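The structure under discussion appears below in the form of structure tokens.
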Amino acid sequence: MKVAVVGAGVVGTTTAFELALDGHEVTVFERHSTVAEEASFATGALVAAGWTAPWSTPERHIRLPWSSQNDGLKLAHLPRGSEWRWLWRWLQAGRGGYPSARHQQIHQLVRYSQERLQSLTEEREFDHDRSQGMLVLWRTARQAAQARTALDHMKDLGIPHRELAAEQARALEPAISAETPFHGAVELMGEAVANCREFALSIRDQARQLGCQFAFNTQVEAIEARAAPGVELRLASSGKTLEAETPLETRRFDAVVVCAGMRSAALLQPTGLRLPLRAIHSHSLSAPVREPLDAPQSAVLDAAHGVSIARLGQRIRVAGGRDFGMPEGQRSAATLRQLYSVLSDWFPGAVRLGGPQGSVQEWHGAQATLPDGLPALGASKVPGVWLNLGHGNAGWSMACGSARLLADQLAGRSPDVGVAGCSPRRLGL
């Protein structure tokens with residue numbers, strides 16, 4: 001088939017690779033000049049079920065703008081109209097206990113993604129920063145007790161893990177600060193740590209070798225799905241101001257896969273697909289290792305704050321924060337301060353924050369999120385229009401698995417993992 005992919009984040013680029021691997025004629029349209037320029041640029045480095053597990057109780061709660069709490073979904077302002085409705089659906093999806101069918105679907109998809117990432121890395125000999133294993137750290141006995149349900153469920157699913165006393169955790173990560181007391185930890189042995197953007201660049205090159213075409217600096221202005229069979233895309237060069245009479249280039253395809261993050265909703269609305277997407281903003285810090293003995297060997301997750309600290313070669317990536325309702329392009333100074341604080345608590349001498357060799361990259365990205373926390377993965381009700389979007393903060397954790405499963409569905413094959421819970425039809429799409 002002749003297939004278009006809209007969006008070249010890690011999800012879109014990996015989807016293009018899997019489709020090209022199946023023998024399709026694939027063209028990727030991306031408004032930026034290369035891949036992974038937005039939400040995939042410096043996202044958290046975990047490809048891990050532990051990144052998405054509900055380690056605290058309640059699983060979902062809201063922080064008002066003036067709240068001094070450290071966790072939960074932080075509101076940038078009091079919600080308005082449709083924001084309240086989305087937040088209500090988001091809160092309702094977190095009720096009903098753990099594990100729910102939603103949690104099981106998330107775990108299945110993340111585990112499958114880990115397996116696919118590992119096999120691709122080995123088969124294609126990718127050279128990107130990566131390591132294996134993660135510690136989830138509990139600061140207090142209360143936090144450890146709150147995580148009991150999640151740990152029991154991991155045992156039921158066969159996810160390898162080991163509960164540790166603080167001394168055992170320090171033996172695995174000797175650089176953890178002696179000045180920071182904590183109750184204990186759980187070691188998740190199978191969790192993957194990898195550089196999302198490096199992988200996206202590598203998979204782009206592999207897709208090109210399979211014949212995939214990338215049209216960078218190209219904006220998809222509209223999807224026309226009325227002239228079946230097939231769909232038409234109306235295209236324009238990114239960054240140009242279009243006059244009303246400016247003709248747009250039109251390209252026809254047998255199918256289109258939309259992986260365009262937050263821009264997906266506006267693009268799909270004229271087709272009759274109304275995506276309940278909202279942006280939840282995540283932040284990260286990346287800095288060079290100052291002294292290897294003071295840096296983590298792999299990754300840790302501070303369960304109380306939902307902040308990960310991961311070793312990526314000679315750099316450290318600290319990621320976390322969930323901010324709702326922020327203006328596009330605006331960073332949260334409070335969230336960035338929290339990242340610095342958590343890093344200082346656990347690994348105070350790990351990175352160079354200043355001086356001639358210091359170089360801290362502060363980043364934030366808008367992660368397109370659906371209210372139930374699952375992606376929309378598969379065929380929509382509009383013929384020829386397929387979706388692989390809405391992964392929220394688990395985009396990197398789910399990217400490789402989502403791409404393979406989408407390609408299998410498009411080819412009419414039964415996917416290796418059940419994805420009924422991710423069907424766009426659950427949202428009326």
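Brief remarks follow.
- Scanning the stretch 376-419 for residues that are touching a helix residue (DSSP H, G or I) at 6+ places or on another chain (Cβ under 9 Å) and without any contact (Cβ under 8 Å) to a residue 40 or more places away in the chain yields 408, 413, 414, 415.
- Residue 342 meets all of the listed conditions (1) surrounded by fewer than 21 Cβ atoms within 10 Å (Cβ to Cβ); (2) out of contact with any Lys or Arg (no Cβ under 6 Å at 6 or more places or on another chain); (3) assigned by TED's automatic domain parsing to the domain that holds residue 321 but one, namely (1).
- Looking only at residues of the stretch 8-28 that are surrounded by 24 or more Cβ atoms within 10 Å (Cβ to Cβ) and part of a strand (DSSP E or B), we find that the one that is nearest to the chain's Cα centre (by Cα) is 28.
- When 144, 150, 192, 166 are checked against the criterion of being surrounded by fewer than 19 Cβ atoms within 10 Å (Cβ to Cβ) and among the small types (Gly, Ala, Ser), 166 stands alone in meeting it.
- Within the stretch 118-133, residues that are in contact (Cβ under 8 Å) with a residue 12 or more places away in the chain and within 20 Å of residue 398 (Cβ to Cβ) have Cβ atoms under 8 Å from residues that are part of a loop (DSSP other than H, G, I, E, B) and acidic (Asp, Glu) in no pair, counting only partners at least 6 apart in sequence or on another chain.
Residues are listed down the side, and each one gets a yes or a no for (1) of a type in the set (Phe, Trp, Tyr); (2) modelled with pLDDT of 70 or more; (3) within 22 Å of residue 402 (Cβ to Cβ); (4) touching an Asp or Glu at 6+ places or on another chain (Cβ under 9 Å):
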residue: 51; (1), (2), (3), (4): yes, no, yes, yes
residue: 72; (1), (2), (3), (4): no, yes, no, no
residue: 76; (1), (2), (3), (4): no, yes, no, yes
residue: 101; (1), (2), (3), (4): no, yes, yes, no
residue: 110; (1), (2), (3), (4): no, yes, yes, no
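- Matching residues, the stretch 257-305, being assigned to a helix (DSSP H, G or I), surrounded by fewer than 24 Cβ atoms within 10 Å (Cβ to Cβ) and assigned by TED's automatic domain parsing to the domain that holds residue 7: 262, 263, 264, 265, 266, 267, 269, 270, 271
The values are calculated or read from the model by the stated rules, or taken from the named source; none is laboratory data. Bear in mind the structure is a predicted one, so any value in this text is a computation, not a measurement. Please note: Cβ atoms are built from the backbone with ideal geometry, for glycine as well, and neighbour counts cover all protein chains shown.
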